[in-house]
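To start, the structure under review is shown below, and the notes come after it.
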Amino acid sequence: MKTILCVSLFAVAACSVSQDQEVAIGKQNAEEINAQLPIIQDAAISGYIQALGESIAKKTSRADLDWHFYVVNTQQVNAFALPGGYVYVNRGLIESADRVDELTGTLGHEIGHVIERHSVKQIQSKEKANAGIAIVCTLTSLCNSGLAQVAVNVGGGAMFAKHSRADELQADSEAVVNVVQAGYDPEGIPALFEALLKQRQYQPTKVEGWFASHPMEEQRIARARQLIDEMPAGKDRLVRDDAAFHDLKARIAALPVPAKMRLVADSATAPLR
């Protein structure tokens, strides 16, 4: 019944999506996702990611949205956003980040997708007339599946439709502006991109979901650095790292990973970063 309702929402929304409809679509799918996925419930962790995400989102052009941020307890490196202000970051991405500006860069990027309504535009696109039903099946994982399939979807980066390279570049541009407005160093954006490209060489299974859902190439890194270089002076006053982020990482490291969300370790030796 819930699946039918969700499909109906997307079918109606495919014609024209108001902000209220966008929020309703995001809320419906977030409820399904949160019921199926191992969302970390630890108050300190959920409180940190919500506060950090809001510190960025509330300084954007869509500050009026009721933003929600979650950490998914899976070792896969990935992040995604739903229409209407729902942002998810996998535990694996936080563990892969060395500094808080790398995490804020990711949040800024996903917030950028919501600001630009990229997912809504996918639904509205004539070339993706059936995207609504496909996305619903993928997001809810209720189409002939179960928790095991949800785990596969998260791990494989199939939690949401893949954005185009143009959308990714636009979200990167939004991220640079978003994090600076919130007082964070945008250098974390290209820094994390470069780190994940390196990680792909020795831990491919851990980052395959990221590369499946986030087209990655040198062009994106170069473009991010160009945008940063064009910024006015004063970047030295922006936050690059802080103790609270490392406290977060330590708290996450102490949490067990659900068996279905664990990864088989890659055998290659990890290079020094």
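Do we have R223 as at pLDDT 85 or above and exposed (fewer than 10 other Cβ atoms within 10 Å of the Cβ) here? Before you say what the answer is, go through the steps one by one.
Numbers: at pLDDT 85 or above: yes; exposed (fewer than 10 other Cβ atoms within 10 Å of the Cβ): no.
Here the answer is no, as R223 does not meet what is asked.
State yes or no: is Q41 in contact with a Gly (Cβ under 6 Å, 6 or more places away or on another chain) and at negative phi?
Details: in contact with a Gly (Cβ under 6 Å, 6 or more places away or on another chain): no; at negative phi: yes.
When the stated conditions are applied, Q41 does not pass them.
Got a sec? Which of K198, K162 is modelled with pLDDT of 50 or more and assigned to a loop (DSSP other than H, G, I, E, B)? Reasoning before the result, please.
Working: K198 fails: assigned to a loop (DSSP other than H, G, I, E, B).
Only one candidate qualifies: K162.
Take residues that are modelled with pLDDT of 95 or more and tell me which of the strands (runs of 3 or more DSSP E) falling wholly in segment 47-90 contain 2 or more.
On the way: elements: 68-72, 79-82, 86-90.
The qualifying strands (runs of 3 or more DSSP E) are 68-72, 86-90.
Which of (1) modelled with pLDDT of 70 or more; (2) basic (K, R); (3) surrounded by fewer than 17 Cβ atoms within 10 Å (Cβ to Cβ) does R262 not meet, given it meets every other one?
Only one criterion in (1) modelled with pLDDT of 70 or more; (2) basic (K, R); (3) surrounded by fewer than 17 Cβ atoms within 10 Å (Cβ to Cβ) is unmet by R262, namely (1).
Name the pairs whose Cβ atoms lie under 6 Å apart, with the first residue in segment 18-40 and farther than 23 Å from V71 by Cβ, the second at pLDDT 90 or above and of a type outside the set (K, R), and 6 or more positions between them or separate chains?
Short answer, once both residue conditions are applied: E22/P83; E22/G84.
Collect the residues in segment 93-127 that are assigned to a helix (DSSP H, G or I) and among the basic types (K, R), keeping them in residue-number order.
Step one: of segment 93-127, the residues assigned to a helix (DSSP H, G or I) are 93-96, 100-115, 118-124, 126-127.
Residues satisfying the conditions are K121, K126.
Could you list, in sequence order, all residues of segment 30-61 that are of a type in the set (A, V, I, L, M) and either under 19 Å from A250 (Cβ atoms) or touching a Cys at 6+ places or on another chain (Cβ under 6 Å) (or both)?
Filtering segment 30-61 down to residues of a type in the set (A, V, I, L, M) leaves 30, 33, 35, 37, 39-40, 43-45, 49, 51-52, 56-57.
Scanning segment 30-61 gives I40, A43, A44, I45, I49, A51, L52.
Going through segment 114-138 one residue at a time, which ones are surrounded by fewer than 24 Cβ atoms within 10 Å (Cβ to Cβ), at pLDDT 75 or above and either touching a strand residue (DSSP E or B) at 6+ places or on another chain (Cβ under 9 Å) or not basic (K, R) (or both)?
Selection gives I115, E116, H118, V120, Q122.
The values are calculated or read from the model by the stated rules, or taken from the named source; none is laboratory data. A quick note: this is a predicted structure, and the numbers were derived from the prediction, not measured. Glycine gets a Cβ as well: all are built from the backbone with ideal geometry, and neighbour counts include every protein chain shown.
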